[in-house]
Amino acid sequence: MGTLDEVRALVAADDRQDFDFAERGFIATLKDPVIKRADGRTAFDVSSYNFLCEHDHAPDSANPSLWRQAQILTKHGLFKVADRIFQVRGFCVSTISFIDAGDGWIVVDPLTTVEVARAALELLYEHVAKKPVLAVIYSHSHVDHYGGVGGITTVADAASGKVKIIAPEGFLEHAVSENIIAGPAMSRRARFQFGITLPRGPEGEMTSGLGPCPSLGSLSLIAPNLLITHTGQEVTVGDVKMVFQLTPGTEAPAEMNFHLPQFRAVFMAENANLTMHNLLPARGALVRDAKAWADYLTEAIRLFADKSDVMFAAHGIPRFGQD
(Lines give C-alpha, C1' and ligand atoms only; values in the text may rest on other atoms or scores of the structure.)
Protein backbone atom coordinates (compact mmCIF):
# COMPACT_ATOMS: atom_id res chain seq x y z
CA MET A 1 0.00 0.00 0.00
CA GLY A 2 1.19 3.51 -0.75
CA THR A 3 0.93 6.50 1.52
CA LEU A 4 -2.35 8.38 1.79
CA ASP A 5 -0.96 11.11 -0.46
CA GLU A 6 0.03 8.52 -3.07
CA VAL A 7 -3.44 6.99 -3.05
CA ARG A 8 -5.04 10.42 -3.34
CA ALA A 9 -2.79 11.22 -6.30
CA LEU A 10 -3.71 7.94 -7.97
CA VAL A 11 -7.43 8.63 -7.61
CA ALA A 12 -6.99 12.24 -8.78
CA ALA A 13 -5.33 10.96 -11.96
CA ASP A 14 -8.26 8.61 -12.76
CA ASP A 15 -9.49 9.00 -16.34
CA ARG A 16 -13.11 8.57 -15.13
CA GLN A 17 -13.77 5.78 -17.64
CA ASP A 18 -15.34 3.60 -14.95
CA PHE A 19 -17.72 6.41 -14.02
CA ASP A 20 -18.75 6.64 -17.68
CA PHE A 21 -19.31 2.88 -17.81
CA ALA A 22 -21.32 3.02 -14.55
CA GLU A 23 -23.65 5.71 -15.90
CA ARG A 24 -23.95 4.51 -19.50
CA GLY A 25 -27.43 3.42 -20.56
CA PHE A 26 -29.22 4.76 -17.46
CA ILE A 27 -33.00 4.60 -17.84
CA ALA A 28 -34.61 5.19 -14.44
CA THR A 29 -34.47 4.39 -10.76
CA LEU A 30 -36.97 4.03 -7.93
CA LYS A 31 -39.32 6.92 -7.17
CA ASP A 32 -39.37 5.79 -3.53
CA PRO A 33 -35.80 4.90 -2.52
CA VAL A 34 -36.86 2.49 0.24
CA ILE A 35 -37.71 -1.11 -0.64
CA LYS A 36 -39.86 -2.50 2.18
CA ARG A 37 -40.33 -5.97 3.61
CA ALA A 38 -43.78 -7.39 4.35
CA ASP A 39 -43.29 -6.55 8.05
CA GLY A 40 -42.64 -2.89 7.19
CA ARG A 41 -38.92 -2.98 7.86
CA THR A 42 -36.42 -1.89 5.23
CA ALA A 43 -34.96 -4.47 2.87
CA PHE A 44 -32.81 -1.85 1.14
CA ASP A 45 -32.61 1.93 0.88
CA VAL A 46 -30.84 3.11 -2.26
CA SER A 47 -30.57 6.64 -0.82
CA SER A 48 -28.51 5.39 2.13
CA TYR A 49 -25.31 5.87 0.10
CA ASN A 50 -26.07 9.48 -0.79
CA PHE A 51 -23.30 10.56 1.58
CA LEU A 52 -20.84 9.49 -1.12
CA CYS A 53 -21.99 12.43 -3.25
CA GLU A 54 -21.71 15.01 -0.48
CA HIS A 55 -17.91 15.36 -0.70
CA ASP A 56 -15.74 16.39 -3.64
CA HIS A 57 -12.97 14.24 -2.20
CA ALA A 58 -12.82 11.33 0.21
CA PRO A 59 -12.86 12.51 3.84
CA ASP A 60 -9.86 11.70 6.01
CA SER A 61 -11.73 8.74 7.54
CA ALA A 62 -11.96 6.90 4.21
CA ASN A 63 -9.44 5.36 1.85
CA PRO A 64 -9.73 7.48 -1.34
CA SER A 65 -9.62 4.40 -3.57
CA LEU A 66 -12.44 2.71 -1.63
CA TRP A 67 -14.42 5.96 -1.74
CA ARG A 68 -14.05 6.10 -5.54
CA GLN A 69 -15.05 2.43 -5.83
CA ALA A 70 -18.11 3.01 -3.65
CA GLN A 71 -19.23 5.95 -5.79
CA ILE A 72 -19.11 3.73 -8.88
CA LEU A 73 -20.85 0.73 -7.30
CA THR A 74 -23.77 2.65 -5.79
CA LYS A 75 -25.08 4.24 -8.97
CA HIS A 76 -28.52 2.66 -8.83
CA GLY A 77 -31.38 1.93 -11.16
CA LEU A 78 -32.23 0.31 -14.48
CA PHE A 79 -29.60 0.45 -17.23
CA LYS A 80 -29.52 -0.66 -20.87
CA VAL A 81 -26.28 -2.61 -21.28
CA ALA A 82 -26.64 -3.52 -24.95
CA ASP A 83 -29.33 -4.35 -27.48
CA ARG A 84 -31.99 -6.31 -25.53
CA ILE A 85 -29.79 -6.61 -22.41
CA PHE A 86 -30.65 -4.68 -19.25
CA GLN A 87 -29.40 -4.60 -15.66
CA VAL A 88 -30.65 -3.29 -12.34
CA ARG A 89 -27.73 -2.27 -10.16
CA GLY A 90 -27.42 -0.76 -6.71
CA PHE A 91 -30.36 -2.60 -5.11
CA CYS A 92 -28.18 -5.23 -3.43
CA VAL A 93 -24.59 -6.45 -3.26
CA SER A 94 -25.07 -8.22 -6.61
CA THR A 95 -26.58 -7.22 -9.96
CA ILE A 96 -29.63 -8.63 -11.71
CA SER A 97 -29.61 -8.86 -15.50
CA PHE A 98 -32.55 -9.15 -17.90
CA ILE A 99 -32.27 -10.46 -21.47
CA ASP A 100 -35.16 -9.85 -23.84
CA ALA A 101 -35.92 -13.24 -25.39
CA GLY A 102 -38.72 -12.02 -27.64
CA ASP A 103 -41.81 -13.44 -25.98
CA GLY A 104 -40.44 -12.98 -22.46
CA TRP A 105 -37.47 -12.35 -20.20
CA ILE A 106 -34.43 -14.33 -19.19
CA VAL A 107 -33.45 -13.24 -15.67
CA VAL A 108 -29.83 -13.71 -14.58
CA ASP A 109 -28.92 -13.85 -10.87
CA PRO A 110 -32.02 -12.65 -8.99
CA LEU A 111 -30.18 -10.89 -6.13
CA THR A 112 -30.14 -11.90 -2.45
CA THR A 113 -33.72 -11.30 -1.33
CA VAL A 114 -37.24 -11.53 -2.71
CA GLU A 115 -38.12 -7.90 -2.05
CA VAL A 116 -35.28 -6.31 -4.02
CA ALA A 117 -35.62 -8.80 -6.89
CA ARG A 118 -39.32 -7.99 -7.19
CA ALA A 119 -38.57 -4.25 -7.11
CA ALA A 120 -36.02 -4.70 -9.91
CA LEU A 121 -38.48 -6.68 -12.05
CA GLU A 122 -41.20 -4.06 -11.52
CA LEU A 123 -38.79 -1.30 -12.56
CA LEU A 124 -38.06 -3.23 -15.77
CA TYR A 125 -41.77 -3.74 -16.40
CA GLU A 126 -42.48 -0.05 -15.88
CA HIS A 127 -39.81 1.29 -18.21
CA VAL A 128 -39.16 -1.42 -20.82
CA ALA A 129 -41.83 -4.10 -21.26
CA LYS A 130 -44.07 -6.27 -19.12
CA LYS A 131 -43.59 -9.78 -20.47
CA PRO A 132 -43.51 -13.18 -18.74
CA VAL A 133 -40.33 -14.59 -17.25
CA LEU A 134 -39.26 -17.54 -19.42
CA ALA A 135 -36.07 -18.52 -17.61
CA VAL A 136 -33.96 -17.76 -14.55
CA ILE A 137 -30.22 -18.37 -14.58
CA TYR A 138 -28.20 -18.92 -11.40
CA SER A 139 -24.61 -18.23 -12.40
CA HIS A 140 -23.26 -19.83 -9.23
CA SER A 141 -24.05 -21.24 -5.81
CA HIS A 142 -23.80 -18.16 -3.56
CA VAL A 143 -27.01 -16.86 -2.00
CA ASP A 144 -26.69 -13.32 -3.38
CA HIS A 145 -27.24 -14.82 -6.85
CA TYR A 146 -30.34 -16.89 -6.23
CA GLY A 147 -31.97 -15.84 -2.91
CA GLY A 148 -34.41 -13.41 -4.54
CA VAL A 149 -35.82 -15.87 -7.07
CA GLY A 150 -39.17 -15.94 -5.26
CA GLY A 151 -39.67 -12.33 -6.36
CA ILE A 152 -39.20 -13.34 -10.01
CA THR A 153 -41.10 -16.60 -10.47
CA THR A 154 -42.81 -19.41 -8.55
CA VAL A 155 -42.12 -23.01 -7.59
CA ALA A 156 -45.23 -24.05 -9.53
CA ASP A 157 -44.05 -22.45 -12.77
CA ALA A 158 -40.64 -24.10 -12.41
CA ALA A 159 -42.15 -27.49 -11.57
CA SER A 160 -44.42 -27.36 -14.62
CA GLY A 161 -41.55 -26.42 -16.91
CA LYS A 162 -43.18 -23.09 -17.76
CA VAL A 163 -40.03 -21.37 -16.47
CA LYS A 164 -36.57 -22.85 -16.97
CA ILE A 165 -34.33 -22.61 -13.88
CA ILE A 166 -30.81 -22.98 -15.29
CA ALA A 167 -27.77 -23.62 -13.09
CA PRO A 168 -24.32 -25.21 -13.24
CA GLU A 169 -23.89 -28.86 -12.34
CA GLY A 170 -23.47 -29.22 -8.57
CA PHE A 171 -25.35 -25.98 -7.83
CA LEU A 172 -27.94 -27.36 -5.41
CA GLU A 173 -25.48 -29.46 -3.39
CA HIS A 174 -23.14 -26.51 -2.86
CA ALA A 175 -25.94 -24.01 -2.22
CA VAL A 176 -27.33 -26.25 0.52
CA SER A 177 -23.88 -27.03 1.97
CA GLU A 178 -22.82 -23.40 2.21
CA ASN A 179 -26.02 -21.63 3.13
CA ILE A 180 -27.87 -24.19 5.25
CA ILE A 181 -25.30 -26.51 6.83
CA ALA A 182 -22.63 -23.83 7.29
CA GLY A 183 -25.12 -20.97 7.14
CA PRO A 184 -25.31 -19.86 10.78
CA ALA A 185 -21.54 -19.64 11.24
CA MET A 186 -21.03 -17.96 7.88
CA SER A 187 -23.80 -15.45 8.57
CA ARG A 188 -22.06 -14.38 11.77
CA ARG A 189 -18.75 -14.01 9.97
CA ALA A 190 -20.42 -12.10 7.11
CA ARG A 191 -21.50 -9.43 9.60
CA PHE A 192 -17.82 -8.63 10.07
CA GLN A 193 -16.76 -9.10 6.44
CA PHE A 194 -19.47 -6.84 5.04
CA GLY A 195 -19.94 -4.48 7.99
CA ILE A 196 -23.67 -5.17 8.00
CA THR A 197 -24.25 -3.83 11.52
CA LEU A 198 -22.09 -0.71 11.10
CA PRO A 199 -23.75 2.65 10.51
CA ARG A 200 -23.57 3.55 6.83
CA GLY A 201 -21.31 6.54 6.29
CA PRO A 202 -17.74 7.85 5.94
CA GLU A 203 -16.78 6.41 9.34
CA GLY A 204 -18.71 3.16 8.98
CA GLU A 205 -19.87 0.91 6.16
CA MET A 206 -18.98 2.15 2.67
CA THR A 207 -20.22 -0.78 0.52
CA SER A 208 -18.89 -4.32 0.44
CA GLY A 209 -16.25 -3.44 -2.14
CA LEU A 210 -17.90 -5.39 -4.96
CA GLY A 211 -21.32 -3.81 -4.63
CA PRO A 212 -23.50 -2.17 -1.98
CA CYS A 213 -24.08 -4.08 1.24
CA PRO A 214 -26.38 -7.14 0.91
CA SER A 215 -30.12 -6.48 1.13
CA LEU A 216 -31.94 -7.64 4.26
CA GLY A 217 -35.15 -9.32 3.20
CA SER A 218 -36.67 -12.74 2.58
CA LEU A 219 -34.53 -15.56 1.17
CA SER A 220 -35.85 -18.12 -1.31
CA LEU A 221 -34.61 -20.98 -3.45
CA ILE A 222 -36.22 -22.81 -6.38
CA ALA A 223 -34.42 -25.95 -7.50
CA PRO A 224 -32.94 -25.95 -11.02
CA ASN A 225 -34.74 -27.91 -13.72
CA LEU A 226 -31.99 -27.56 -16.34
CA LEU A 227 -28.33 -28.18 -15.49
CA ILE A 228 -25.30 -27.04 -17.45
CA THR A 229 -22.92 -30.01 -17.44
CA HIS A 230 -20.19 -29.10 -19.95
CA THR A 231 -18.52 -26.19 -21.70
CA GLY A 232 -20.02 -25.53 -25.12
CA GLN A 233 -23.52 -26.57 -24.05
CA GLU A 234 -26.10 -24.45 -25.86
CA VAL A 235 -29.51 -23.47 -24.52
CA THR A 236 -32.10 -21.49 -26.46
CA VAL A 237 -34.80 -19.57 -24.61
CA GLY A 238 -37.29 -17.70 -26.78
CA ASP A 239 -35.22 -16.40 -29.69
CA VAL A 240 -31.97 -16.12 -27.69
CA LYS A 241 -29.15 -18.66 -27.87
CA MET A 242 -26.70 -18.96 -24.97
CA VAL A 243 -23.40 -20.83 -25.08
CA PHE A 244 -22.14 -21.83 -21.63
CA GLN A 245 -18.68 -22.24 -20.13
CA LEU A 246 -18.58 -24.36 -16.99
CA THR A 247 -16.05 -23.01 -14.43
CA PRO A 248 -16.19 -25.21 -11.30
CA GLY A 249 -13.86 -24.44 -8.42
CA THR A 250 -13.28 -20.81 -9.37
CA GLU A 251 -15.02 -18.07 -7.38
CA ALA A 252 -17.62 -20.67 -6.40
CA PRO A 253 -17.46 -24.47 -6.41
CA ALA A 254 -20.32 -24.49 -8.96
CA GLU A 255 -20.15 -21.60 -11.43
CA MET A 256 -20.53 -20.79 -15.12
CA ASN A 257 -20.16 -18.02 -17.68
CA PHE A 258 -22.16 -17.71 -20.89
CA HIS A 259 -21.92 -16.02 -24.27
CA LEU A 260 -24.71 -14.39 -26.29
CA PRO A 261 -23.51 -14.72 -29.91
CA GLN A 262 -26.26 -12.63 -31.50
CA PHE A 263 -25.56 -9.71 -29.15
CA ARG A 264 -21.75 -10.07 -29.06
CA ALA A 265 -21.92 -10.02 -25.28
CA VAL A 266 -20.44 -12.25 -22.58
CA PHE A 267 -21.63 -12.73 -19.00
CA MET A 268 -18.71 -13.54 -16.70
CA ALA A 269 -20.60 -14.51 -13.51
CA GLU A 270 -18.34 -13.60 -10.58
CA ASN A 271 -15.19 -14.68 -12.36
CA ALA A 272 -14.31 -11.16 -13.54
CA ASN A 273 -15.49 -8.47 -11.12
CA LEU A 274 -14.58 -4.82 -10.86
CA THR A 275 -12.30 -5.61 -7.92
CA MET A 276 -9.50 -7.94 -6.86
CA HIS A 277 -10.21 -11.66 -6.86
CA ASN A 278 -11.30 -12.89 -3.43
CA LEU A 279 -9.31 -16.08 -2.89
CA LEU A 280 -9.78 -16.57 0.88
CA PRO A 281 -13.29 -15.42 1.89
CA ALA A 282 -13.40 -14.08 5.43
CA ARG A 283 -16.94 -15.39 5.92
CA GLY A 284 -15.73 -18.99 5.62
CA ALA A 285 -16.74 -19.94 2.08
CA LEU A 286 -14.53 -22.49 0.38
CA VAL A 287 -11.03 -21.29 -0.44
CA ARG A 288 -10.79 -20.62 -4.17
CA ASP A 289 -8.38 -22.40 -6.52
CA ALA A 290 -6.36 -19.51 -7.99
CA LYS A 291 -4.81 -21.69 -10.71
CA ALA A 292 -8.16 -23.07 -11.86
CA TRP A 293 -9.67 -19.59 -11.78
CA ALA A 294 -6.83 -18.20 -13.92
CA ASP A 295 -7.10 -21.11 -16.36
CA TYR A 296 -10.83 -20.60 -16.83
CA LEU A 297 -10.29 -16.87 -17.43
CA THR A 298 -7.75 -17.78 -20.10
CA GLU A 299 -10.25 -20.22 -21.61
CA ALA A 300 -12.95 -17.52 -21.56
CA ILE A 301 -10.65 -15.17 -23.48
CA ARG A 302 -10.01 -17.91 -26.04
CA LEU A 303 -13.70 -18.78 -26.38
CA PHE A 304 -15.36 -15.39 -26.25
CA ALA A 305 -13.02 -12.38 -26.46
CA ASP A 306 -12.97 -11.87 -30.21
CA LYS A 307 -16.73 -12.49 -30.35
CA SER A 308 -17.69 -9.93 -27.69
CA ASP A 309 -17.94 -6.16 -27.48
CA VAL A 310 -19.61 -6.06 -24.06
CA MET A 311 -18.85 -7.88 -20.82
CA PHE A 312 -21.34 -7.84 -17.95
CA ALA A 313 -21.17 -9.71 -14.69
CA ALA A 314 -22.80 -10.66 -11.40
CA HIS A 315 -21.34 -7.66 -9.55
CA GLY A 316 -20.13 -4.23 -10.51
CA ILE A 317 -20.49 -2.51 -13.86
CA PRO A 318 -20.24 -3.65 -17.48
CA ARG A 319 -17.14 -3.19 -19.61
CA PHE A 320 -17.58 -1.77 -23.10
CA GLY A 321 -15.21 -2.28 -26.04
CA GLN A 322 -13.20 -5.36 -26.91
CA ASP A 323 -9.96 -3.95 -25.48
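The values are calculated or read from the model by the stated rules, or taken from the named source; none is laboratory data. Just so we're clear, the structure is a prediction, and the values are computed from it rather than from any experiment. Please note: Cβ atoms are built from the backbone with ideal geometry, for glycine as well, and neighbour counts cover all protein chains shown.
Taken as a whole, region 48-58 holds at least one residue that is under 14 Å from Val116 (Cβ atoms) and assigned to a helix (DSSP H, G or I).
For region 6-26, the criterion of being buried (at least 21 other Cβ atoms within 10 Å of the Cβ) and over 16 Å from Pro212 (Cβ atoms) is satisfied by no residue at all.
Considering region 93-113, the residues that are part of a loop (DSSP other than H, G, I, E, B) and over 8 Å from the mean Cα position of the chain (by Cα) include one that is nearest to Pro318 (Cα to Cα), namely Pro110.
Among residues of region 127-140 that are without any contact (Cβ under 8 Å) to a residue 40 or more places away in the chain and assigned to a loop (DSSP other than H, G, I, E, B), those with a Cβ under 7 angstrom from a residue that is surrounded by fewer than 24 Cβ atoms within 10 Å (Cβ to Cβ) and among the charged types (D, E, K, R), sequence gap 6+ or separate chain, pair up as Lys131/Asp103. Taking the criterion of being basic (Lys, Arg) and either touching a Ser or Thr at 6+ places or on another chain (Cβ under 7 Å) or not in a loop (DSSP other than H, G, I, E, B) (or both), the residues of region 59-92 that qualify are Arg68, Lys80, Arg89.
Yes/no per residue for (1) surrounded by fewer than 21 Cβ atoms within 10 Å (Cβ to Cβ); (2) within 28 Å of Gln71 (Cα to Cα):
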{"position": "Pro261", "(1), (2)": "yes, no"}
{"position": "Ala265", "(1), (2)": "no, yes"}
{"position": "Thr275", "(1), (2)": "yes, yes"}
{"position": "Leu279", "(1), (2)": "yes, yes"}
{"position": "Ala292", "(1), (2)": "yes, no"}
{"position": "Leu297", "(1), (2)": "yes, yes"}
{"position": "Ala314", "(1), (2)": "no, yes"}
{"position": "Asp323", "(1), (2)": "yes, yes"}
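Are any residues in region 184-208 at pLDDT below 90, under 20 Å from the mean Cα position of the chain (by Cα) and not hydroxyl-bearing (Ser, Thr, Tyr), and if so, which ones? Once the filter is applied, which keeps residues that are at pLDDT below 90, under 20 Å from the mean Cα position of the chain (by Cα) and not hydroxyl-bearing (Ser, Thr, Tyr), region 184-208 yields Met186, Ala190, Arg191, Gln193, Phe194, Gly195, Ile196.
For Pro64, the conditions (1) crowded, with 18+ Cβ neighbours inside 10 Å; (2) within 25 Å of Ala120 (Cβ to Cβ) are fulfilled apart from (2).
The listed residues are Leu260, Leu226, and the only one of them that is among the hydrophobic types (A, V, I, L, M, F, W, C), in contact with a Lys or Arg (Cβ under 7 Å, 6 or more places away or on another chain) and at negative phi turns out to be Leu226.
On inspection, Lys131 passes the criterion of being within 23 Å of Pro224 (Cα to Cα), touching a strand residue (DSSP E or B) at 6+ places or on another chain (Cβ under 9 Å) and at pLDDT 95 or above.
Residue-by-condition table, conditions (1) closer than 16 Å to Pro248 by Cα; (2) in contact with a strand residue (DSSP E or B) (Cβ under 9 Å, 6 or more places away or on another chain):
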position: Arg264; (1), (2): no, yes
position: Pro281; (1), (2): no, no
position: Asp295; (1), (2): yes, no
position: Thr298; (1), (2): yes, no
position: Ala305; (1), (2): no, yes
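Considering each residue of region 50-64 in turn, none proves to be under 30 Å from Ile106 (Cα atoms), in contact with a helix residue (DSSP H, G or I) (Cβ under 9 Å, 6 or more places away or on another chain) and touching a residue at least 60 places away in the same chain (Cβ under 8 Å). Among the residues of region 141-158, just one is assigned to a helix (DSSP H, G or I), without any contact (Cβ under 8 Å) to a residue 60 or more places away in the chain and not charged (D, E, K, R), namely Ala156. Residues in region 37-55: is at least one out of contact with any Asp or Glu (no Cβ under 8 Å at 6 or more places or on another chain) and at pLDDT below 90? Checking region 37-55: at least one residue is out of contact with any Asp or Glu (no Cβ under 8 Å at 6 or more places or on another chain) and at pLDDT below 90.
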